[in-house]
Amino acid sequence: MEFKYNVRDLKFILKEWLPTEEVMECDRFKDFYSMDDIDQILTEGYKVCREVISPINVVGDRNPVTFENGVVTSPPGYKEVFQFIQKNGWGSSSECVKVEGGMPLTIFKAVAEMITASCPAMGSNIKLTSGAANVILIFGTEEDKKRFIPKMLSGEWQGTMNLTEPSAGSDVGDALAKAYPTDDPRVYKIKGTKMFITAGDGSICDNTIHLVLARPPQGCKGSAGLGLYIVPKYWVNEDGSVGKPNDITTIAVEHKMGLNGSATCMLNYGENDECYGIMLGAPPDEKGRSKGLAMMFRMMNESRIGTGHNAIAQASAAYAQASQYAVERVQGYIKGERVPIIKHPDVRRMLMDMKAQTEGIRAMIFKGFYSLDIAENSSDKVKAQHYEDIAAILTPLIKCYSSETAVAMTCEAMQVLGGVGYTKEFPIEQYVRDSKILTIWEGTSFIHGQDLVKRKMRMGEGLPFANWMASILSFINANMTTAGLEKEFMNLEKAYRCMDEATKLFDSWQLNKRDDLIGLYAIRMLFICAQVEVAECLLEQALIAQKQIQLSPDHFDSNFYKGKVASAKYYANNVLPNVFILSELITNADLSSQECPEESLIVN
């Protein structure tokens with residue numbers, strides 16, 4: 001089956017729903033991009049995905065990364081495709097901040113979504129390189145930028161981030177990797193082991209630029225004592241030329257459930273005491289505190305939104321495959337005639353479920369990208385801060401809810417195909433395997449639930465979160481009587497009230513230091529917030545679509561607009577009511593899972 005994608009929905013988001021023109025008017029973009037460029041960029045990007053990138057997806061899955069005699073080799077075609085993307089402006093040079101000619105995130109991420117959907121393993125390589133380059137662009141010296149950025153943007157080099165260690169997973173502050181000073185105050189010797197490093201090695205580039213968290217001698221205990229270092233696989237001289245190997249050894253490649261085309265490596269730094277890294281930012285202060293993790297969080301927060309986006313891209317690609325199959329597969333009878341399975345009610349329900357969920361989550365994600373664009377580029381500081389707060393609140397929702405829902409959606413796509421969906425004849429089973437890791441990447445779902453209820457709901461003394469909620473209530477109040485959507489707005493209002501009550505309950509738990517309840521119900525609270533947000537986005541889109549239908553009921557695009565209204569109705573009536581149940585669960589505050597003896601939970 002050839003690769004297909006819902007480019008029309010991406011265009012709707014950028015041209016009809018979001019105020020994208022406000023991004024284009026920012027000083028950074030106004031001389032380079034206009035609204036007239038969107039169609040061409042997305043059309044050409046889709047063509048690249050269909051003709052160049054998609055063909056390597058199954059190849060990479062069936063011819064996975066190999067590790068022989070200490071050498072990591074990527075699947076056939078990966079090097080050529082990675083360099084094609086980077087050299088032709090579809091990758092890091094368009095995504096990175098502070099790069100002249102770089103695209104707004106809202107525009108670039110529409111193309112990036114298609115790239116990821118066409119080959120998830122390749123999309124990760126691009127995002128990691130962009131993220132590492134952004135950290136250097138923001139926190140590096142001018143010398144650092146000249147030394148590393150040009151070849152990272154050109155496709156000659158790639159980038160990674162190194163946090164996880166065998167003894168320190170989510171507890172980053174327990175990291176054992178060390179950084180030792182040398183005669184050069186910015187150059188440190190690096191020693192330690194890092195694991196689960198995506199794109200940690202391979203044959204797609206001439207060099208790999210690792211960003212490594214390590215603790216200098218004067219660094220205090222915990223995450224505050226960690227510094228951040230640029231550690232290239234091959235040392236890069238001051239003039240940008242490549243020197244000798246930098247004592248980084250790949251000791252294993254992980255054997256994974258999915259993403260077989262991506263090299264996930266365990267790396268040893270400084271086995272021969274000859275590994276060097278360049279310090280980013282200032283050395284530790286008098287209390288031994290560094291900003292290494294804070295700098296890395298710049299990359300991690302991009303990756304968290306990117307992980308949610310990766311997930312929904314895969315779910316959308318699986319949905320596209322399922323919809324094609326449902327039209328082509330003839331099976332069963334209706335009124336005595338054999339029919340395509342799309343005529344069967346339950347298949348229609350599954351397709352509607354995938355359509356509404358993927359479109360709604362995509363909308364929430366692009367609202368996040370729009371917020372980041374304004375926060376980063378608006379000259380209005382008050383407006384920029386407002387959208388920075390919105391992006392902060394949306395980040396855990398995007399990462400957790402998108403990735404958890406995408407797994408269910410790819411499984412539903414497989415269900416549409418029936419038994420053949422479980423075979424390798426179609427790539428849906430690959431999307432199921434490839435997407436599951438996204439619930440774990442960049443922090444497990446629990447970590448993001450905690451981030452929401454302990455940080456994002458509390459930041460700024462709770463005012464940004466209260467403002468976010470107020471904007472939703474204002475939208476509801478302004479549109480409650482919209483003809484044809486009365487029931488849907490009634491459900492959204494009820495869901496909002498549930499969210500409001502749950503928020504107050506979490507406030508009381510916070511006041512009374514009930515960490516047991518806060519942790520136990522954090523993910524459920526996140527799902528409540530995410531489903532309310534998604535429903536709001538879909539209903540905003542439905543209002544636009546209704547107007548288009550009324551203006552031109554026989555327009556060639558009328559079925560698209562009717563589909564947008566249907567997505568909002570389905571989500572509001574079939575998914576959003578989950579909020580009612582979740583809020584009741586939170587109110588009940590059942591502790592049976594915690595009261596059950598540990599021994600009773602263990603199968604001996």
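To keep it simple, each residue is scored yes or no on (1) without any contact (Cβ under 8 Å) to a residue 60 or more places away in the chain; (2) surrounded by 19 or more Cβ atoms within 10 Å (Cβ to Cβ); (3) within 21 Å of Ala363 (Cα to Cα).
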| site | (1), (2), (3) |
| --- | --- |
| Phe12 | no, yes, yes |
| Lys15 | yes, no, yes |
| Met24 | no, yes, yes |
| Glu44 | yes, no, no |
| Ser54 | no, yes, no |
| Val65 | no, yes, no |
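For every residue, the table says whether it meets (1) crowded, with 18+ Cβ neighbours inside 10 Å; (2) closer than 16 Å to Tyr401 by Cα.
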position: Gly332; (1), (2): no, no
position: Glu337; (1), (2): no, no
position: Ile341; (1), (2): yes, no
position: Pro345; (1), (2): no, no
position: Glu359; (1), (2): yes, yes
position: Arg362; (1), (2): yes, yes
position: Lys367; (1), (2): yes, yes
position: Leu372; (1), (2): yes, no
position: Asp380; (1), (2): no, no
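All but one of (1) crowded, with 18+ Cβ neighbours inside 10 Å; (2) part of a helix (DSSP H, G or I); (3) acidic (Asp, Glu) hold for Glu493; state the number of the condition that does not hold.
Of everything listed in (1) crowded, with 18+ Cβ neighbours inside 10 Å; (2) part of a helix (DSSP H, G or I); (3) acidic (Asp, Glu), Glu493 misses just condition (1).
Which one of these is over 24 Å from Cys265 (Cβ atoms) and of a type in the set (Lys, Arg): Lys151, Lys178, Lys145, Lys127? Outline the logic, then answer.
Working: Lys151 fails: over 24 Å from Cys265 (Cβ atoms); Lys178 fails: over 24 Å from Cys265 (Cβ atoms); Lys127 fails: over 24 Å from Cys265 (Cβ atoms).
Every option except Lys145 fails the conditions.
Please go through (1) at pLDDT below 95; (2) within 19 Å of the chain's Cα centre (by Cα) for Thr116 and return the number of the only condition it doesn't satisfy.
So the condition that Thr116 fails would be (1).
In the range 92-113, which residues are of a type in the set (D, E, K, R), under 21 Å from Lys367 (Cβ atoms) and at pLDDT below 95? Spell out the reasoning first.
Keep residues of the range 92-113 that are of a type in the set (D, E, K, R), which gives 95, 98, 100, 109, 113.
With under 21 Å from Lys367 (Cβ atoms) added as a condition, the list becomes 95, 109, 113.
Glu95, the sole residue that qualifies.
Within the range 464-473, is even one residue over 19 Å from Gln385 (Cα atoms) and surrounded by 13 or more Cβ atoms within 10 Å (Cβ to Cβ)? Please lay out each step first, then the result.
Narrowing the range 464-473 to residues over 19 Å from Gln385 (Cα atoms): 473.
Now narrow it down to the ones that are surrounded by 13 or more Cβ atoms within 10 Å (Cβ to Cβ): 473.
So far as the range 464-473 goes, yes, one or more of its residues are over 19 Å from Gln385 (Cα atoms) and surrounded by 13 or more Cβ atoms within 10 Å (Cβ to Cβ).
Taking the range 9-54, which residues are aromatic (Phe, Trp, Tyr) and closer than 20 Å to Val97 by Cβ?
Our first condition is that a residue be aromatic (Phe, Trp, Tyr); within the range 9-54, this holds for 12, 17, 29, 32-33, 46.
Phe29, Phe32, Tyr33, listed by residue number.
Would you mind telling me which numbered condition in (1) buried (at least 18 other Cβ atoms within 10 Å of the Cβ); (2) farther than 30 Å from Met161 by Cβ Tyr401 fails?
(2)
Restricting attention to the range 242-252, does a residue exist that is buried (at least 18 other Cβ atoms within 10 Å of the Cβ) and over 30 Å from Asp285 (Cα atoms)? I'd like the intermediate steps shown before the answer.
We begin by selecting, within the range 242-252, every residue buried (at least 18 other Cβ atoms within 10 Å of the Cβ); these are 246-248, 250.
Next cut, over 30 Å from Asp285 (Cα atoms) only: 250.
Yes, there is a match, as at least one residue in the range 242-252 is buried (at least 18 other Cβ atoms within 10 Å of the Cβ) and over 30 Å from Asp285 (Cα atoms).
If only one of Ser323, Ser290 is more than 30 Å from Ala179 (Cα to Cα) and more than 19 Å from the chain's Cα centre (by Cα), which one is it?
Working: Ser290 fails: more than 30 Å from Ala179 (Cα to Cα).
Of the residues listed, the single one that is more than 30 Å from Ala179 (Cα to Cα) and more than 19 Å from the chain's Cα centre (by Cα) is Ser323.
Pick from Ala224, Ala168, Ala175: which is crowded, with 24+ Cβ neighbours inside 10 Å and either touching a residue at least 12 places away in the same chain (Cβ under 8 Å) or in contact with an Asp or Glu (Cβ under 7 Å, 6 or more places away or on another chain) (or both)? Spell out the reasoning first.
On the way: Ala224 fails: crowded, with 24+ Cβ neighbours inside 10 Å; Ala168 fails: crowded, with 24+ Cβ neighbours inside 10 Å.
Within the list Ala224, Ala168, Ala175, the selection yields Ala175.
Taking the range 1-46 as the region of interest, how many residues are under 20 Å from Lys564 (Cα atoms) and aromatic (Phe, Trp, Tyr)?
So the answer is 3.
Looking only at the range 269-285, which residues are of a type outside the set (A, V, I, L, M, F, W, C), surrounded by 17 or more Cβ atoms within 10 Å (Cβ to Cβ) and modelled with pLDDT of 95 or more?
Scanning the range 269-285 gives Tyr269, Gly270, Tyr276, Gly277.
In the range 404-430, how many residues are surrounded by 24 or more Cβ atoms within 10 Å (Cβ to Cβ) and of a type in the set (Gly, Ala, Ser)?
2
Which of the residues belonging to the range 336-380 are within 21 Å of the chain's Cα centre (by Cα) and either on the phi > 0 side of the Ramachandran plot or among the hydrophobic types (A, V, I, L, M, F, W, C) (or both)?
If the condition is that a residue be within 21 Å of the chain's Cα centre (by Cα) and either on the phi > 0 side of the Ramachandran plot or among the hydrophobic types (A, V, I, L, M, F, W, C) (or both), then Met354, Ala356, Ile361, Ala363, Met364, Ile365, Phe366, Phe369, Leu372, Ile374, Ala375 are the ones that fit.
Tally up the residues in the range 227-241 that are closer than 19 Å to Phe139 by Cβ and buried (at least 18 other Cβ atoms within 10 Å of the Cβ), please.
Going through the range 227-241 one residue at a time, the tally reaches 7.
With a cut-off of at least 1 residues that are surrounded by 23 or more Cβ atoms within 10 Å (Cβ to Cβ) and of a type in the set (A, V, I, L, M), name the helices (runs of 4 or more DSSP H) lying wholly within the range 524-602. Steps first, please.
Working: elements: 558-570, 578-588, 592-595.
Correct list: 558-570, 578-588.
The values are calculated or read from the model by the stated rules, or taken from the named source; none is laboratory data. As the structure is a computational prediction, the values presented were derived from the model and not from experiment. No Cβ is skipped: glycine too gets one built from the backbone with ideal geometry, and neighbour counts run over all protein chains shown.
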